[in-house]
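One structure below.
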Amino acid sequence: MIGVRQPPRDPEMPGTKPKQRKPLTSEDNDLDEAALVLRQFRQILNTVRVHFQQVEKKAGIGGGQVWALSVVGERPGIGVSELARAMDVHQSTASNLVKTLVEKAFIETRREGADRRAVQLHLRPQGLKVLRRAPGPFAGVLPQALRTLDGPSVRRLRKDLAKLIAILHADEKAGQIPLSEM
């Protein structure tokens, strides 16, 4: 298979010949490390994917919608802009989530306070039922895992990932798309 190294044959095992290996160069070591890091990315992304599949199966809605519901439940009366900041997503993404959740009758909008243009979001009983069915963490397994790391580890990871992002010329806007939407 491509990208999978077979272990060397065991000379003690009958019917096998020892595998002749050329000496490893520093380039080979770098490739091996790169392959191991790629494997780690796959493990992380697969864990995230499986979590959001479980959320959708049990809650009946996507992970981003569950996360938005949980934020509204924790902060009744939150506005759309505040919701976007709380989820670290673009305002249009938050607006689309709110629109869908209102259409499904999971949340309601109210115009309270002095500024009647702004809407406040409130969880409806149907939304609470969805949250009770949904497995946590509502924000996803990756944000929760990152929060368990110590400060120096998170800073080092952020710096190293910034280098990788620069090499990839990754779209900065993609950082505001919920993982559950990818």
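Annotations
- Applying the Karplus relation 6.51 cos²θ - 1.76 cosθ + 1.60 with θ = phi - 60° to region 156-167 yields 3J(HN,Hα) values of 5, 4, 4, 5, 5, 5, 4, 5, 5, 4, 5, 5 Hz, where x marks Gly and Pro.
- Here the gap between GLN91 and ASP150, fully extended at 0.36 nm per residue and compared with their Cα-Cα distance, gives a gain of 18.3 nm.
- Longest to shortest principal axis, alpha-carbon extents of region 24-148, angstrom: 70, 30, 24
- Inter-centroid distance (Cα atoms) of region 83-157 relative to region 52-81, Å: 5 Å
- Here the calculated FRET efficiency for ALA162 and GLN43, from their Cβ-Cβ distance with R0 = 25 Å, stands at 0.75, rounded to the nearest 0.05.
- Among SER95, SER180, sorting on how many other beta-carbon atoms sit within 10 Å of each Cβ, with the fewest leading, yields SER95, SER180.
- Under 5 Å between amide hydrogens, built in the peptide plane, is the criterion, and for ILE107 it picks out VAL102, ARG124 among residues at least 5 positions away or on other chains.
- Per-residue Cβ neighbour rank within 10 angstrom, fewest leading, THR148, THR109: THR148, THR109
- Label sites at LYS58 and THR109, each approximated as a point 7 angstrom past Cα along Cα to Cβ, lie 3.1 nm apart.
- Nearest-0.05 FRET efficiency for ARG75 and MET182, computed from C-beta distance (R0 35 Å): 0.85
- From least to most packed, judged by other beta carbons within 10 angstrom and beginning with the fewest, LEU97, LEU83, LEU131 follow the order LEU131, LEU83, LEU97.
- Flagged links, alpha-carbon separation over 26 Å, of LYS99/LYS129; LYS57/LYS129; LYS57/LYS99; LYS58/LYS104; LYS99/LYS163: LYS99/LYS163
Here, each number is a calculation from the coordinates, and none is a lab measurement. Since the model is a prediction, treat every value here as computed from it, not as a measurement. Please note: Cβ atoms are built from the backbone with ideal geometry, for glycine as well, and neighbour counts cover all protein chains shown.
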